[in-house]
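Here is the structure we will look at.
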Amino acid sequence: MAKNGTISSSVIKRLPRYYRFLGELMKNGTERISSRELSQLMKLTASQIRQDLNCFGGFGQQGYGYHVRQLHEEIGKILGVDKKYKTIVIGAGNLGRAIATHINFDTRGCELIGIFDRKEELKGLQVGKLTVTGTDELERFCRRHKPVVAVLCIPKSDTQEIADKLVSLGLRSFWNFSHYDLSIDHENIVVENVHLGDSLLTLTYGTKTVEEQ
C-alpha cells in the first residue's frame, strides 16, 4: 500500500527489479542487506532505494538494513504476486505459444486459464497444459470463468476491436504485444504495451554509441 498518495510510474517500474534482485539474494542465503550494498548490486544510489521504499513505508531498520526475505515478501504483496488473477492469451502464433509456455504466470500474480486463436488450423493445439480454443468461444468462456487479464499477441489491425470486446466481457488489464499502442476509452483499465522492436532499437543505439567511442 502506498504511504503517501499516488506513486510515480518510475518507482513502480523499479519494483519488479527490486523483487528479482531480492529473490536472487534469498537463493544465495543472504539474510540482510544495507541500502548501500543493495545499491552496488543494482547500480542505483542508496538514497534512491531508500526514497523508493519509503513510498511504501520504508521496511528498513537503522543500523541493520533490510531483512531480505521480509522485504521480498512485502514488495511481492505490493506487486500483487499473491493474487492469482485469471489470465488468457489471445493469439496462439509463435509469440503467443512462447509466452504461454515459458512465462511463469503463477509466480507473477496471474493464473493462465486459456489461450485463443481465430485460425482453424490452430484450434485444438496443445500449448503446455492448455488447448487452443477458437475465438468464437471467447464470450462463453469469459462469462463462465471471468478472467481479468488478457495477453494480446494478435495483429495490429485486430487489437482495438478485440480489446473493446474483452472490456465488455469484464477484463480489466492488458499485456499488449501487438504493434498497436492500445488506448481504450474506458475507465479503470490497465494497459502495459510491450514493443520488442523498440527494445531492440534501443540496444542497437547503445551498440552504435559504444563502437563510435
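The values are calculated or read from the model by the stated rules, or taken from the named source; none is laboratory data. These figures come from a predicted structure and were not determined experimentally. We place every Cβ from the backbone using ideal geometry, glycine too, and count neighbours over all the protein chains shown.
Residue-wise test of (1) in contact with a strand residue (DSSP E or B) (Cβ under 9 Å, 6 or more places away or on another chain); (2) surrounded by 10 or more Cβ atoms within 10 Å (Cβ to Cβ); (3) among the acidic types (Asp, Glu); (4) outside any loop (DSSP other than H, G, I, E, B).
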residue	(1), (2), (3), (4)
171	yes, yes, no, no
174	yes, yes, no, yes
181	yes, yes, yes, no
184	yes, yes, no, no
191	yes, yes, no, yes
202	no, yes, no, yes
206	no, yes, no, yes
209	no, no, no, yes
Within the stretch 75-90, is there a residue that is without any contact (Cβ under 8 Å) to a residue 12 or more places away in the chain and surrounded by 16 or more Cβ atoms within 10 Å (Cβ to Cβ)?
no
Would you tally the residues in the stretch 141-161 being at pLDDT 95 or above and surrounded by 11 or more Cβ atoms within 10 Å (Cβ to Cβ)?
12
